[in-house]
Amino acid sequence: MTKNIFSQISQHKTADQAAEHIEELILEGILRFGDKLPAERDLAEQLDISRPVLRHAIKDLEARELLYTKPGGGTYVADTTGQVFSEPVIELIGRHPKATNDYLEYRKSMEGMSAELAAKRATPSDKKLLAGLADAMRAAHQDENAEQEASLDIELHNAIGECAHNVILLHSLRSCYRLLSGGVIFNREIVHKIKGAREKLFNQHIAIIDAINTNDPVLARAAAETHLDFIITSFNEANQLSEREYISELRLKQRSN
């Protein structure tokens, strides 16, 4: 997966330069959490440095908690994004419903900006990635594969962040989506309780992709914000339905007694 993304560094071939090259791949989102680096011999060859120099660079990156090594299992990119929210904060957010609306409000702002920048900056390779995700989402939607749809939903939003080519925005959004993927703060299935929601979500995702791929920043931002507005409205409506159903069940149970 990570093969061929490493290039030869300058003629000085120092450990600092090797470490800087790898950390830049992490910063730009090319290397992501859990990605395994090539074996030491292969990586040293790709960087055109000696193995002792590479080991020194790896140790430096491990000391800064950007990489970690499994004994006998290779070297991996560390979970740098997840550290933005500590476990106590994640649990606190998950326990308070107001935080969900704040979370979605934050996403609306950030994703609108992300989609707008992506429409301005997306490269041919970015557009190819988005087109591939659109095809995968279409297949999952037709197969009614809810689990695959949810996974692709997160992957799409991550990809749009990458297409914006702003590393601060990229890592902020990745941290945000970690809460989404963990189901701590927002469960996609809640929105699916609303009639027609699944179809609308799919169409909204395709609209964002189309706007980016046609380089229309105004339409891309509007499509992303419309998508989040729908999620916010549907989430609140679904919660109201759940609350009413809960009260109705209690009434029925009391009358039965």
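The values are calculated or read from the model by the stated rules, or taken from the named source; none is laboratory data. What you are looking at is a predicted structure, and each value in this text was computed from that prediction instead of being measured. Don't worry about glycine lacking a Cβ; one is built from the backbone with ideal geometry, like all the others, and counts go over all protein chains shown. For accessibility, only protein heavy atoms count, side chains too; no ligands or nucleic acids. Shrake-Rupley method; radii C 1.70, N 1.55, O 1.52, S 1.80 Å.
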Quickly estimate the mean residue ellipticity at 222 nm for the chain, helices only: each DSSP H run with n ≥ 4 gives -39500 (n - 2.57), and the total goes over all residues, rounded to 500. -23500 deg cm²/dmol
If the convex hull is drawn through the Cα atoms of the chain, its volume per residue in Å³: 165 Å³
Lysine pair count for the chain [Cα-Cα under 21 Å; pairs on different chains or 8 or more apart]: 14
Carbon and sulfur %, accessible surface of the chain computed with the full protein complex present, 1.4 Å: 52 percent
Length gained, Leu27-Glu189, 0.36 nm per residue minus C-alpha separation, equals 55.1 nm
Mean accessible surface per residue for the chain, computed with a 1.4 Å probe while every protein chain stays in place, in Å²: 56 Å²
Relative packing of peptides 161-170, 50-59 - highest average C-beta neighbours within 10 Å first: 161-170, 50-59
